[in-house]
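The values are calculated or read from the model by the stated rules, or taken from the named source; none is laboratory data. A quick note: this is a predicted structure, and the numbers were derived from the prediction, not measured. Cβ placement follows ideal geometry from the backbone for every residue including glycine, while neighbour counts extend to all protein chains displayed. Remember, those area values only see protein heavy atoms, side chains included, never the ligands or the DNA or RNA. Shrake-Rupley method; radii C 1.70, N 1.55, O 1.52, S 1.80 Å.
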Amino acid sequence: MATTHFRRAGVALPGQARGGGERRTLARTLGAMSVFRSGLLVLTAPLSALSLRLVPILASASRIVEDTLYIHLQPGLSLTGSSQPRSTYVPATPEVYSLINKLYVDADTHSHLDVRVLLTNIRNQSLTPQSLSSVQNLSQPPEVILTDFQTSDGGQYNPVKQCLERYATSSYSCRPNLSSVLLYPEYEPTMDESELPPWEPDSDGGALQSYSDVVVGGTFDRLHNAHKILLSACCLLAENRLLVGLSDKGLLENKMLKELIQPYEQRAEKLCEFLVDVKPSLRYDIVPLVDPYGPSITDPDLECIVVSEETRKGGVAVNKKRLENGLSELALHEILLVKNPRHGENEEEKISSSSIRQRLLGTLLQPPQKDPARPSRPYVIGLTGGTGSGKSSIARHLEHLGAFRIDVDKLGHEAYAPGGPAYEQVVEDFGKDILNEDGTINRKILGAKVFGNQEQLKCLTDIVWPVIAEMTKRQLNEAAVQGKAVCVLDAAVLLEAGWTDMVHEVWMASVPEKEALRRIMARDGLSEEAAQNRLQSQLNSSQRVKQSHVVLYTLWEPEATQKQVEKAWALLQQRIGRD
């Protein structure tokens, strides 16, 4: 796969001047009145005081913006007077980077927000303030502009709002006449802000070391705030280019819930969008990473590698390889892991993609397609999963919760039984040598005839699958007569047989292949090779996920699976209740 290169060179809300007690409730009032898909928050407070105010400011902004929130640090920016405000130069110091970290950590409380801290006015020592971009095009054009700028004239002071709107239009390519909000959130400073040292915008003492070309690697699945902290460090350190190795193929094999990892192209697109938004002046090269090193050990222009506490050993290994290749060592810049105090059971303590994927379990991953020809009641769930996936235990729990369960696999056994609708045809086509002494079909002998022989297997399924489908439809009709609201088709071959036309949603039971092998060997007394062959004859988990609406994972203790099922059931009741 080739390297991908990226570079990208208001109507006021109602409100009169208010006193202190009234203005502190303004953000809450606006949150109830207006919600915007995207917004831009311009923070004008001195950086030395801002960290004390971030939590309430973000809380106020989160009630007004529901998706993308851009944040720009503009300490000392004045929104009074007739002249056009000018962007403030901020030196790239450890203190500034720590504030950016805190912004992302505090924002993690508001899970609906995609926060992006703009770095366009934060500069290393080697770059001058004159290099500031005059206009920034943002991928999600802000619909509202917010600020913490406070005036002595009360809440929504119109000249200030008009200045803010003009500034947004000229600096960020925002549309004319966008809405603007002056935030006055409640906050309780932990110390007297007058005692804080003044912030001096021209001071560059202790600035971060900068490098022409920087490299970083990772999976970057469902870009979260810990990713954004890592990438912000990369952007602050880089002067010219950031090379990103994006994990792919074999490097994803041991990832938790790898089936739910977004495709490479989707991850690359989201990564690019974020990077170009926060620092458009850099060149970004995004390449697929199929081994632990990638171009980091062959690119002579690289000067720095950014690692986390977890990946520092990998950075050391990269330098060892570079020396073997006759290249200079890279500077190692290490960032700390970001703890997640709200992590759930079986989730990692840090903010991580695997934890986010776990939270997707039991939720609707994609909307089901509505078929006007399919009756709305009973609402039919098609439950599928490979052998050893725990599908049947999930089906039994759904039955306990109130679903009408149709054991399609059991219907298959009935179809094969003497006198069953498929019995005569199977014996005629595959011979009487498949019969036991009592006249029943020996499924092991039959399986040996069709296993590995696609033509014979198709001959068998052409006989039995239509028969089983008719038996299933009869049971669905019976459920409708009984007034059942929800039916669950417990069917291992639901997708292979093309039975999705009978269901409203497809739910899938999943488990890592190693665990499935262990279960099959223990349950059926098979060798590892025989169990592996059985798994390989089925659709793999990734193929099932693409066709599924809900995924359930049975790796952990039974109680964890039951919680997922109950979560999925509750969300289902909400969906069908709205239909």
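Please state the shape class of the range 226-288: rounded when a/c is under 1.5, otherwise prolate if a/b exceeds b/c and oblate if not, all from the C-alpha gyration tensor. Cα axes put the range 226-288 in the prolate bin.
Within the chain, DSSP assigns beta bridges of which about 10% are antiparallel (rounded to the nearest 5). Students often forget the sequence filter, so: which lysines lie under 20 Å Cα-Cα from Lys249 once same-chain residues fewer than 8 apart are removed? Straight-distance partners of Lys249: Lys258, Lys270, Lys514, Lys546. Couplings for the range 445-461, taken from phi via the Karplus curve 6.51 cos²θ - 1.76 cosθ + 1.60 with θ = phi - 60°, read 5, 4, x, 5, 6, 9, 5, x, 10, 4, 5, 5, 4, 5, 4, 5, 5 Hz in order; Gly and Pro are left as x.
Residues Lys102, Lys249, Lys350, ordered by accessible area of protein heavy atoms at a 1.4 angstrom probe radius and largest first, appear as Lys249, Lys102, Lys350.
Set against the labelled values [x] 27.8; [y] 26.7; [z] 29.5, Kirkwood radius over Cα pairs in Å computed from this structure falls on [x]. Peptide packing for 449-460, 221-232, 71-82 was compared via the average number of neighbouring C-beta atoms within 10 Å per residue; ordered from the highest value, the list is 221-232, 71-82, 449-460.
Could you order the peptides 271-284, 361-374, 533-546 from most to least packed, using the average number of other C-beta atoms within 10 Å per residue? Show your work: numbers first, answer last.
Values: 271-284: 20.1, 361-374: 12.5, 533-546: 16.2.
Averaged packing, sorted descending, gives the order 271-284, 533-546, 361-374.
Partners of Lys563 within straight-line reach, counting lysines whose Cα lies under 16 Å from its Cα and excluding those fewer than 8 residues away in the same chain: Lys391. Rolling a 1.4 Å probe over the protein heavy atoms leaves Tyr379 with an accessible area of roughly 20 Å². Proximity of backbone amide H atoms, modeled 1.01 Å from N, is registered between Leu289 and Leu246, Ser247, Asp248 at under 5 Å, excluding neighbours fewer than 5 places apart on the same chain.
With θ taken as phi - 60° and the Karplus curve 6.51 cos²θ - 1.76 cosθ + 1.60 applied, the whole-hertz 3J(HN,Hα) list for the range 485-500 is 7, 10, 10, 10, 8, 7, 9, 4, 9, 3, 6, 4, 7, x, 8, 5 Hz, x standing for glycine and proline.
First check a/c for the range 427-578, with a ≥ b ≥ c the square roots of the eigenvalues of its C-alpha gyration tensor; if it is under 1.5, answer rounded, and if not, answer prolate when a/b is larger than b/c or oblate otherwise.
Working: a/c = 2.18, a/b = 1.33, b/c = 1.64.
It is oblate, given that a/c is not under 1.5 and a/b is not larger than b/c.
In this structure the amide hydrogen of Phe404, modeled in the peptide plane, comes within under 5 Å of the amide hydrogens of Val486, Cys487, Val488, none closer than 5 places in sequence on its chain. Taking amide H atoms as placed 1.01 Å from N in the peptide plane, the amide H of Lys350 lies under 5 Å from those of Asn340, each 5 or more residues away in sequence or on another chain.
When only DSSP loop residues count, what GluC sites (Glu not before Pro) in the range 477-568 have their Cβ near at most 15 other Cβ atoms within 10 Å? If you can, show how the numbers build up before the last one.
Values: sites: Glu478, Glu496, Glu505, Glu513, Glu515, Glu528, Glu529, Glu559, Glu566; in loops: Glu496.
Answer in residue order: Glu496.
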